[in-house]
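Below: the structure, in structure tokens.
The values are calculated or read from the model by the stated rules, or taken from the named source; none is laboratory data. Since the model is a prediction, treat every value here as computed from it, not as a measurement. Glycine also receives a Cβ, built like all others from the backbone with ideal geometry; neighbour counts cover every protein chain displayed. The accessibility values were calculated without ligands, DNA or RNA, using every heavy atom of the protein model including side chains. Shrake-Rupley method; radii C 1.70, N 1.55, O 1.52, S 1.80 Å.
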Amino acid sequence: MTNTSCTIRTRKFMTNPLLQRRQFILDVLHPGRANVAKAELQEKLAKMYNVSDEKCVSIFGFRTAFGGGKSTGFGLIYNDLEAMKKFEPKHRLIRAGLQTAVQKSRKNIKEKKNRVKKLRGGAKNKVM
């Protein structure tokens, strides 16, 4: 690694008051590096936008451009943790460490699916 710095630029920045967040497209220039860790990007974004809690920053969907040196992804900054827990999908909350993943066995999932197939109407909701 010859150059360890990276430049962050945001574009299409918009404030979304209904979902209590700010959302934007994030361009990261990182010449000489394969990619940049999401934790490092969250830290820099929290500092850039004066966010009190670093966990309120959610970034995802990064793609590195052909040839490297530039990545593009999507970023969300929630007003507070309560808003993040309310509006963010479960899988992203689990990645952020705000929720725990529910471990189910494949066999139980398949058995439930086959039991539900035999039922009709509202009875499907009452299984398990």
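In region 13-68, the residue that is farthest from Asp80 (Cα to Cα) out of those that are in contact with an Asp or Glu (Cβ under 8 Å, 6 or more places away or on another chain) and open to solvent by 60 Å² or more (accessible area, probe 1.4 Å) is Glu43. Where residues in region 6-19 are touching a residue at least 12 places away in the same chain (Cβ under 8 Å) and assigned to a loop (DSSP other than H, G, I, E, B), which of them is nearest to Leu76 (Cα to Cα)? Per the criteria, the residue is Leu19. If we scan region 70-79, do we find a residue that is loosely packed, with under 14 Cβ neighbours inside 10 Å and either more than 19 Å from Leu19 (Cβ to Cβ) or free of Cβ contacts under 8 Å to residues at least 12 places away in the same chain (or both)? No; the residues of region 70-79 include none that is loosely packed, with under 14 Cβ neighbours inside 10 Å and either more than 19 Å from Leu19 (Cβ to Cβ) or free of Cβ contacts under 8 Å to residues at least 12 places away in the same chain (or both). Among the residues of region 96-114, not a single one is touching a Ser or Thr at 6+ places or on another chain (Cβ under 9 Å) and of a type in the set (Lys, Arg).
When Phe66, Phe74 are screened for being of a type in the set (Phe, Trp, Tyr) and within 23 Å of Leu98 (Cα to Cα), only Phe74 passes.
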